[in-house]
Every structure is written in C-alpha cells, then in structure tokens.
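Before any comments, here is the structure.
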Amino acid sequence: QEWMLSLMTEMVERFDIDGLELDWLRALPVFEQFPATPASVDKMTDFIRQIKELLVQRGTARDHSLPLGVRVPTKFKECLAFGLDVKTWIEEGLIDRVTPTDAVYCNFQARYMEDFGSVTSGRDCMLCPSIMPVFDRGVQYYSRGLMSLDNYRALAHSFYQQGADGLN
C-alpha cells in the first residue's frame, strides 16, 4: 500500500491529471485470504481514505477537484468477498464514480441499480457501468462475439434507463 500510495502521490504531484481510477477488477484477489477478513476490508477502506485525502489536498491546491473512481465486480457481495467495501466507500463519500464491470464481456441482463444505484442515488457518486467489446463470456474467439454498434446502443440505452449517470 505504501508503494502504491507513493506512485499515486508522484502522479498527482508531477502531472496535471484529472483524477484517478483504481481498477480492482484486473487485480483480484487483493488479499491472500478469500473471502477477505474484516481486518483486510478495514485495511482497504483505510487505503481508499488515504487516496481520497491525497486527491482532495492536491485538488484544493490546484483549485479544482480530482475525482476518485473505482472499477469493481458487479455485486456488493462479490466486492466485499475480495475486501472491497464499495458500499461504505460510497456512503462515506470516498469515491466519486463507481464502475461495476464484468470481466471481459457485457451482461445484457445486468441490473446494477439493484446494488449500486440504490446506494449512489442522492449521493455525490456517479454510477457508470462498463461496456466491454464482447457480448458473451462463453465465446471462445472474440471475433465471433464482438458487439455490433446496435449492441452498444442497446446496452447504453438499457443502462441509462436503469438510472446510470454515465458509461465507462
């Protein structure tokens, strides 16, 4: 965590960034024990607090906000098993954008509002589901399962109808 925080500090101090997005989906599992212990969950939440504090301090110095986004699994229960208490992060205002994401494909039956939307609604945290280029995780060859323009439009429409604030 110290090393990661030092990298983020260097990025924020050396470059004119617009914010950070932490892609937890690509780095799972985060902790050795699965499911994560309550102590590990608390440790991760403290880490998110440190990152948010860094962004607030640097954003204040630059006279503009530096938002913190996270890319996470699609259900709170799954996030928590990996040590990511996303619900608490939203409730405490630690993150500004949450991007629930299926690993490499789009789930046309996804109902992100059931978990994430119920918590982001009325808070300063945008719900921005991810749209991936593959429409079926069972497709062995990506070229046979790539989404068409109509697929992208349909999925975007579905997410916005469910109350998404944006797409990622």
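The values are calculated or read from the model by the stated rules, or taken from the named source; none is laboratory data. Small disclaimer: the values here were computed from a predicted structure and weren't measured. Here the Cβ is made from the backbone with ideal geometry for all residues, glycine too, and neighbour counts use every protein chain on show. Protein only, heavy atoms only, side chains kept; ligands, DNA and RNA dropped before computing areas. Shrake-Rupley method; radii C 1.70, N 1.55, O 1.52, S 1.80 Å.
Step through the residues of region 92-97 one at a time and calculate ³J(HN,Hα) from phi using the Karplus curve (6.51 cos²θ - 1.76 cosθ + 1.60, θ = phi - 60°), rounding each to whole Hz and writing x for Gly and Pro.
Whole-Hz 3J(HN,Hα) from phi for region 92-97: 8, x, 7, 10, 9, 8.
From the backbone phi of region 147-159, what are the Karplus-calculated ³J(HN,Hα) couplings (6.51 cos²θ - 1.76 cosθ + 1.60, θ = phi - 60°) in whole Hz, Gly and Pro given as x?
These are the phi-based 3J(HN,Hα) values: 6, 8, 4, 5, 4, 4, 4, 5, 5, 4, 4, 4, 5 Hz.
Would you list, by chain and number, the lysines whose Cα falls below 18 Å from the Cα of LYS43, excluding same-chain residues fewer than 8 positions away?
Straight-distance partners of LYS43: LYS52, LYS77, LYS87.
Among MET147, MET113, MET11, what's the order by accessible area (1.4 angstrom probe), most exposed first?
I get MET11, MET113, MET147, largest accessible area first.
Just need the Rg to Rh number for region 1-42, please, alpha carbons only, Kirkwood Rh.
1.08
For the chain, which whole-number percentage of the solvent-accessible area (1.4 Å probe, protein heavy atoms only) is attributable to carbon and sulfur atoms? Spell out each step's value before the answer.
On the way: 4840 of 9580 Å².
Looking at the chain in its full context, I get 51 percent from C and S.
With the other protein chains left in place, how much accessible area per residue, in square angstrom, belongs to the chain at a 1.4 angstrom probe?
Value for the chain: 57 Å² per residue.
Not counting the cut sites, what is the longest span of the chain without chymotrypsin sites (Phe, Trp or Tyr not before Pro) that DSSP labels loop and that have at most 15 other Cβ atoms within 10 Å?
So the longest stretch without any such site is 16-107.
Helix 38-62 against the longest principal axis of the chain: what's the angle in degrees, Cα atoms only, rounded to the nearest 10?
70 degrees
So in the chain, what percent of DSSP beta bridges are antiparallel if you round to the nearest 5?
Bridges in the chain that DSSP calls antiparallel: roughly 10 percent.
Once the Cα atoms of helix 2-14 and of the chain are each reduced to a long axis, what angle between those two axes, in degrees from 0 to 90 to the nearest 10, is obtained?
90 degrees
Using every alpha carbon pair in the chain, what percent of pairs falls into each 5 Å bin from 0 up to the bin containing the largest distance?
Pair shares across the bins are 1, 8, 16, 19, 19, 15, 11, 7, 2, 0.
If you stretched the chain out fully between GLN161 and MET4, how much longer would it get, using 0.36 nm times the residue separation minus the C-alpha to C-alpha distance?
Computed gain between GLN161 and MET4 is 52.8 nm.
Sequence gap at least 6, Cα distance under 8 Å: using those rules, report the relative contact order of region 21-165 to the nearest whole percent.
Reported relative contact order: 22 percent.
Loop only by DSSP, 10 or fewer other Cβ within 10 Å of the Cβ. Give me the GluC sites (Glu not before Pro) in region 1-52 that pass, ordered by residue number.
Of the GluC sites (Glu not before Pro), the ones in loops of region 1-52 whose Cβ has at most 10 other Cβ atoms within 10 Å are GLU32.
Applying the Karplus parametrisation 6.51 cos²θ - 1.76 cosθ + 1.60 with θ = phi - 60° to the phi angles of region 21-34, what ³J(HN,Hα) value in whole Hz is obtained for each residue in order, glycine and proline being reported as x?
10, 9, 9, 6, 5, 7, 10, 7, x, 7, 10, 5, 8, 10
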